[in-house]
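Novice: Encoded as C-alpha cells, here's the structure I'll be asking about.
The values are calculated or read from the model by the stated rules, or taken from the named source; none is laboratory data. This structure is a prediction, so every number in the text was calculated from the model and none was measured. In this analysis, Cβ positions are derived from the backbone assuming ideal geometry, glycine residues included, and neighbour counts consider all displayed protein chains. When the accessible area is computed, the model is the full protein with side chains, heavy atoms only, and any ligands, DNA or RNA have been set aside. Shrake-Rupley method; radii C 1.70, N 1.55, O 1.52, S 1.80 Å.
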Amino acid sequence: MDVLFFLVPTAILVAGVFVGLFIWATRKGQFDDLETPAHKILLDDEIANRD
Amino acid sequence: MQTLHHNQPGQDCEHQEHCEHCGEKVIVPSLLSLKDEDKIFCCNGCKTVYQILHEKGLDNYYKLRDQTGTRDQLSPVEDSDEEYKYLDQQEFLDKYTKKTKDSVTIDFFIEGVHCVACLWLIEKLPDFVEEVLHSKLNMAKSIASVTIGKNGKLSKVAKQLALLGYRPHPILSDADIERLAKEEDRKMLIKIAIAFTCAGNIMLLAYSVYGGASGELARHFNWYSFFLILPIIFYSAIPFYQSAWSAIKSRKLSIDIPIVVALVVGTISGLVNLINGSEHLYFDSLATLVFLLLGARYLLKKSQQKSLNTTEIASFFSNRTTHRWNQQKQQYEDIHAQFLKSQDIILVKSGEMVPADGLILDGVSNINNSLLTGESLPVKVEKTDYIYSGTTNLDQDLKVQVLNTGSDTRLGKILQSVEAGWNQKAEIVTLADNVARYFVSTVFILAFLTFIAIFFLIGNFEDAFTRAFTLIIITCPCALGLTTPLALTMTLGKLAKKGMIIKNEQIIEKLSKAKEIFLDKTGTLTHGNFQVSDWLDVDDKMTNLAHMSLVFALESRSKHPIAKAACKYIKAICFQENQTLLTYEITDYKEHAGRGVSGTINGKQYEIRTLAKEKNDSKTWIALYEDKKVISEISLEDQLRSEAAEVIAAIAKMGIKPAIVSGDAKGPVEKVASKLNLSNQDYSYQVGPEQKSQLLDAHPAAIMVGDGANDAIALGRAYVGVAVHGSVDISLRAADIYLSQSGVRPILSIIEASKETMKVIKRNLIISLLYNVTGATLAIMGYITPLLAAVLMPLSSFTVLILTLASTRKLNRIN
C-alpha cells in the first residue's frame, strides 16, 4: 500500500487542475446564465450550431 | 319589448372554439383564410403572429411549443399601434446603446417569454428581420441582447418583436452595478467549487481512516486533510466571517456566529490534536458544512435574480414615442418621452398615453383617467384644460404644451413618494430570525455549562473541551440555515413561473400572517372595461339582427370604450349564433366627442347616445334612436369577474377578512359588494389615494390589492402590496407582488402558497430541532466521535433537504 503515499498527493494535484479549469471557465462567463442553455438542448442543430 | 342576451357570450358552452395561437377560448373570433382551411384566433394580435410565422416559414414555433407542453401558459397577444420610432433617435441611441464600428447593441426586457419556442423565435430574429446580426436571450431575466448593423433600424426590430407578441422595453442597466454583481456571482461560484473539492477529498481521506487505515498512512491522510481545509478556512468561508462580524457589530445573534466559532475552534484544535497524534479531527464535518451552506445561499441568490432589479425597472418608466414639434424643421419629430422638456409642444395622438403633464393648446377629446384616479368613465377635455401623464387619450389628437416631465409630473411625484416610503416600511422579524436568536444563545450557554460541568466532574480538560466543542459542531444549524431559504426559494420560483412575481422571501411570511385584505374594485374585482349586460329592442319592427347591425355600423368607427364594448358584444353574439351582420351605408356620419355618434341610413336619422330616460340602477344606458325615437336600449357595466365571489369566500375562510376600497361612486361599489356577500362595514367608495393610504396605516396587517398609479401610494404603505395585471413598470415599483395574469384567482393562489410554505418551514424546523436535541444529548454524554459527527451532519442536512423538496411538491397543485 505504499504506493498510496504517492497516489494521494497526485490525486489531489489532479483535482487542483480541474478546480483551476473551473475557475477559468467561471471567469470567462460560462456559468453566468445557467437557464437558457438548458432549454437550448431541445432545439435543432441548425440553431445550436450557429452560436 | 324583447329582452335578450343577459348572459355574457361564451358562457354557454356549446360552440367553443380555441385560438390557434394561444389556446384561449374564442369569444369574438378573428378569422384567417388559408389555402386549405380557415383558422380561428381569439384576437387580431394572435392572428397577426400566426400570419407572420406562417409567411416566414417559422411554423416550427408551434411544433416546439407543443412538444414542451407549455401551451396553457400563453395569453392572447395584445394589439398595439406603438411604432417605437423613438428608438431611432440619436439622443436615445447615445444613451441606451453600445456601439462598435459596424454595429449597435441594445438590451430589451421582453414581456411574454416563457418557453423554448419563445427562445427559439427570439434568437431567430436575424433570419427574418433585416440587418439584425445577433440576438441572444437570457431566459431567467427575460432580457434579449440584440445587435444590428449600421443600416439597421431598432424601431423595426422592436415593432417586429411586439407584433409577435413579445413586447420589448429597452433597458438601461447601470453598467458598473451590473459588472460588480457579475463579479460577485462568479467569486461565489469559485468559493463553492473550492469548498466542494476540498470537502470531497477530505471526506475520502477521513473515511479511509475510519475504515481502518492506520499508522504512517493515517498520519499522512490527516495532514492532507488539514492542508485541504485551509483553502476553505481562508477563502471559501469568508462570507461567513463577514456576516458574523456585521451581526456582532449590530448586536444580533445570527446563526453565522456558531458556524464561525466552530470553524475557527475546530481548525485550531484539529491542528493541536494532529500534532499530538490524537484522532479527534473534525475537518470533514466542517468542510461539508461550509459547502452545503454556501451552496444553499448561492441558490437563493440566483433565484432572487430572476426578476428585474430596481435600476433596471427605473428605466421602464415612460418608454413611449412622443411627437414633439420641432420649430426649425416645422414638423413633428418622434422622440423618446424622457427627452421632453418643459415648454415643449407635443402632439398626443388618439390612443396614446399622455407622456407628461401639460396644458391643452388645441383639440377636444376624452381622456381615460383610470390609471391616475380610478374613474372608469372617460372625461372630456378641451383647450385650456390640464392633462396628466399616465392617462390615455381616447378619441382625437390633442396639441399640448408640456409643463412638467418625468419625476415632476403628478405620476412621477406619486412614484417618488412611494419609493421614499419603502425605507419606512417595517421589516418583520422573521420566524427564522427568532429561532436563530434563541437557538444560538442556547447552544453557547449549553456548551459553556457542559465544559464547566465535565471539567469539574471528571477533571479532564481535553474531555470537557471535546464535549463542549462537539456540542457546537453537532448542533450546527445546518438544517436551520438550509430549510428556510430553500423552502422560500422554491416557492418564489414556482410562483414566478406561473406569472406571480414576488420581490423577496420575507413577503411570503408576511402574506401568511395577514389578517385583512383590501381590494380595489375597478380592474381587480371587475374586468375594468365596459361590457354590455342588457340589450332591449323596444320596437318589434325589425329583427334583433337588424338592430345589432345598425348599432355596429355606427359604432364601429368610434374609439370610445362604450363603442368598442358594443361592437365586441355584437360580434360575439353573431359568432355564437352563427349569424352575419347586415351592412348599411351611412351618410353624414358624425362622432360627437364623448356624447355619441350619429348618421343617416336609408333615409332615416340614427343616433346612439345616452338614454334620456333615467333608470335608477348603476348601469350606464345608451340607446339607438331612429328619427328621435328609442328603438333599442343597451346597458353597459363593468362586470364583476365570474370567479370573484368564489375567491373572496375562499379567502375569508382562510381567516383573512376581505373588504373593498374603491375610488368609484357609491352605486357600482355597493352592487359589487352585495354580489360578493360583503356586509355594510366592508366596503368604501369614492376613496382618494390619500385616504387609501391612511386606511392602510390604520390596518397594519392588511394586504392591499390594486393597480396603477392611483393605488401606488396605498400599495407602498400596505403590509403587503399586490399589483394586479396593469402596467408592468409602475406596478413593480410600488408593490411587493406583481400578478401578471389577470383575474382574482392568482390572489388566492399566492395566499395559499404562502401558508403552505410556512407550514413546510415550521415542520422542517421541528425536525431539525429534534436532530439537534438528540445530537446535543449525545455530545454532552461524550458519545460523539468524529465519525459520528461526520455521519450525522450530512444526514440531518439531507433529510431536511429532501423533506423540503418533497413538501413543496404540493405547491405544484396550486394553480
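Novice: With the condition kept exactly as written, say whether any residue in segment B:254-265 is away from chain A (no Cβ under 11 Å) and outside any helix (DSSP H, G or I).
Specialist: First pass over segment B:254-265, keeping only residues away from chain A (no Cβ under 11 Å): B:254-265.
From what is left, the residues that are outside any helix (DSSP H, G or I) are B:254-255.
Scanning segment B:254-265, I find at least one residue that is away from chain A (no Cβ under 11 Å) and outside any helix (DSSP H, G or I), so the answer is yes.
Novice: May I pose another question? Does residue B:768 meet the test of being among the small types (Gly, Ala, Ser) and at pLDDT 80 or above? Break it down into steps so the answer makes sense when it comes.
Specialist: On the way: among the small types (Gly, Ala, Ser): yes; at pLDDT 80 or above: yes.
For residue B:768, the condition - among the small types (Gly, Ala, Ser) and at pLDDT 80 or above - is met.
Novice: Could you check, for segment B:622-629, whether at least one of its residues is open to solvent by 10 Å² or more (accessible area, probe 1.4 Å), in contact with a strand residue (DSSP E or B) (Cβ under 7 Å, 6 or more places away or on another chain), part of a loop (DSSP other than H, G, I, E, B) and modelled with pLDDT of 85 or more?
Specialist: yes
Novice: Among the candidates B:234, B:226, B:240, single out the residue that is in a helix (DSSP H, G or I), of a type in the set (Phe, Trp, Tyr) and within 14 Å of chain A (Cβ to nearest Cβ). Before you say what the answer is, go through the steps one by one.
Specialist: Numbers: B:234 fails: within 14 Å of chain A (Cβ to nearest Cβ); B:240 fails: within 14 Å of chain A (Cβ to nearest Cβ).
On inspection, the qualifying residue turns out to be B:226.
Novice: I want to confirm something. Restricting to segment B:511-554 and keeping residues that are acidic (Asp, Glu) and within 40 Å of the chain's Cα centre (by Cα), which single residue is farthest from residue B:693 (Cα to Cα)? Full working, then the answer.
Specialist: The initial filter retains those residues of segment B:511-554 that are acidic (Asp, Glu), namely B:516, B:520, B:534, B:537, B:539-540.
Narrowing further to those that are within 40 Å of the chain's Cα centre (by Cα): B:516, B:520, B:534.
Numbers: B:516: 15, B:520: 13, B:534: 36 Å.
Once the filter is applied, the top-ranked residue is B:534.
Novice: Just need a number here: residues in segment B:171-212 that are charged (D, E, K, R) and either at pLDDT 90 or above or not in a helix (DSSP H, G or I) (or both). First the steps, then the outcome.
Specialist: Kept after step one, since they are charged (D, E, K, R), are these residues of segment B:171-212: B:174, B:176, B:178-179, B:182-187, B:191.
Still in the running and either at pLDDT 90 or above or not in a helix (DSSP H, G or I) (or both): B:174, B:186-187, B:191.
Total satisfying the criteria: 4.
Novice: Hey, could you check segment A:17-42 for residues that are more than 28 Å from residue B:497 (Cβ to Cβ) and loosely packed, with under 13 Cβ neighbours inside 10 Å and say which is nearest to the other protein chains (Cβ to nearest Cβ)?
Specialist: Once the filter is applied, the top-ranked residue is A:18.
Novice: Could you check segment B:131-150 and list, in sequence order, the residues that are under 25 Å from residue A:34 (Cβ atoms), away from chain A (no Cβ under 12 Å) and either of a type in the set (Phe, Trp, Tyr) or open to solvent by 10 Å² or more (accessible area, probe 1.4 Å) (or both)?
Specialist: So in segment B:131-150, the residues under 25 Å from residue A:34 (Cβ atoms) come out as B:134-147.
With away from chain A (no Cβ under 12 Å) added as a condition, the list becomes B:146-147.
Within segment B:131-150, B:147 is the sole residue that qualifies.
Novice: Still on this structure, please answer the following. Cβ-Cβ below 6 Å, separation at least six or inter-chain, first residue in segment B:246-264 and at pLDDT below 85 and open to solvent by less than 10 Å² (accessible area, probe 1.4 Å), second part of a loop (DSSP other than H, G, I, E, B) and among the aromatic types (Phe, Trp, Tyr): which pairs?
Specialist: Once the first residue is at pLDDT below 85 and open to solvent by less than 10 Å² (accessible area, probe 1.4 Å) and sits in segment B:246-264, no partner that is part of a loop (DSSP other than H, G, I, E, B) and among the aromatic types (Phe, Trp, Tyr) comes close enough.
Novice: Across segment B:390-414, what is the total count of residues that are polar (S, T, N, Q) and over 24 Å from residue B:530 (Cβ atoms)? Please lay out each step first, then the result.
Specialist: Kept after step one, since they are polar (S, T, N, Q), are these residues of segment B:390-414: B:391-393, B:396, B:401, B:404-405, B:407, B:409.
From what's left, over 24 Å from residue B:530 (Cβ atoms): B:401, B:404-405, B:407, B:409.
Adding up the residues that qualify gives 5.
Novice: Can you tell me which of B:299, B:286 is in a helix (DSSP H, G or I), in contact (Cβ under 8 Å) with a residue 60 or more places away in the chain and either of a type in the set (Phe, Trp, Tyr) or within 14 Å of chain A (Cβ to nearest Cβ) (or both)?
Specialist: Numbers: B:286 fails: either of a type in the set (Phe, Trp, Tyr) or within 14 Å of chain A (Cβ to nearest Cβ) (or both).
Result: B:299 is the single residue among B:299, B:286 that is in a helix (DSSP H, G or I), in contact (Cβ under 8 Å) with a residue 60 or more places away in the chain and either of a type in the set (Phe, Trp, Tyr) or within 14 Å of chain A (Cβ to nearest Cβ) (or both).
Novice: For segment B:356-382, what are the residues that are among the hydroxyl-bearing types (Ser, Thr, Tyr) and at pLDDT below 85?
Specialist: Step one: list which residues in segment B:356-382 are among the hydroxyl-bearing types (Ser, Thr, Tyr), which gives B:365, B:370, B:373, B:376.
Across segment B:356-382, the qualifying residues are B:370, B:373, B:376.
Novice: Taking the conditions exactly as written (in contact with a Pro (Cβ under 8 Å, 6 or more places away or on another chain) and in a helix (DSSP H, G or I)), does residue B:472 satisfy them or not? Step through it out loud before you land on a result.
Specialist: Details: in contact with a Pro (Cβ under 8 Å, 6 or more places away or on another chain): yes; in a helix (DSSP H, G or I): yes.
Yes, satisfied.
Novice: Could you please let me know if residue B:508 is of a type in the set (Val, Ile, Thr), open to solvent by less than 20 Å² (accessible area, probe 1.4 Å) and within 19 Å of the chain's Cα centre (by Cα)?
Specialist: Values: of a type in the set (Val, Ile, Thr): yes; open to solvent by less than 20 Å² (accessible area, probe 1.4 Å): yes; within 19 Å of the chain's Cα centre (by Cα): yes.
Here the answer is yes, as residue B:508 does meet what is asked.
Novice: Search segment B:552-602 for residues being of a type in the set (Ser, Thr, Tyr) and not in a loop (DSSP other than H, G, I, E, B), and hand back the single one that is most open to solvent (accessible area, probe 1.4 Å). Give the derivation first.
Specialist: Let us first name the residues in segment B:552-602 that are of a type in the set (Ser, Thr, Tyr), namely B:556, B:558, B:569, B:580, B:583-584, B:587, B:589, B:598, B:600.
This time we only want the ones that are not in a loop (DSSP other than H, G, I, E, B), so: B:569, B:587, B:589, B:598, B:600.
Values: B:569: 8, B:587: 72, B:589: 51, B:598: 10, B:600: 30 Å².
Within segment B:552-602, the match that is most open to solvent (accessible area, probe 1.4 Å) is B:587.
Novice: Let me ask something else. Which of the residues that make up segment B:58-110 are hydrophobic (A, V, I, L, M, F, W, C), at pLDDT 80 or above and more than 14 Å from residue B:164 (Cα to Cα)? Break it down into steps so the answer makes sense when it comes.
Specialist: Quick first cut of segment B:58-110, residues hydrophobic (A, V, I, L, M, F, W, C) only: B:58, B:64, B:74, B:77, B:87, B:92-93, B:104, B:106, B:108-110.
When the remaining residues are screened for being at pLDDT 80 or above, the result is B:87, B:92-93, B:104, B:106, B:108-110.
Passing the criteria: B:87, B:92, B:93, B:104, B:106, B:108, B:109.
Novice: Across segment B:193-208, which residue is farthest from the other protein chains (Cβ to nearest Cβ) among those that are open to solvent by 20 Å² or more (accessible area, probe 1.4 Å) and among the aliphatic types (A, V, I, L, M)? Explain how you work it out, then say what you get.
Specialist: Applying the first criterion (open to solvent by 20 Å² or more (accessible area, probe 1.4 Å)) to segment B:193-208 yields B:194, B:196-197, B:200-201, B:203-204, B:207-208.
Add one more test, that the residue is among the aliphatic types (A, V, I, L, M), and what stays is B:194, B:203-204.
Numbers: B:194: 6, B:203: 13, B:204: 9 Å.
Residue satisfying both the conditions and the ranking: B:203.
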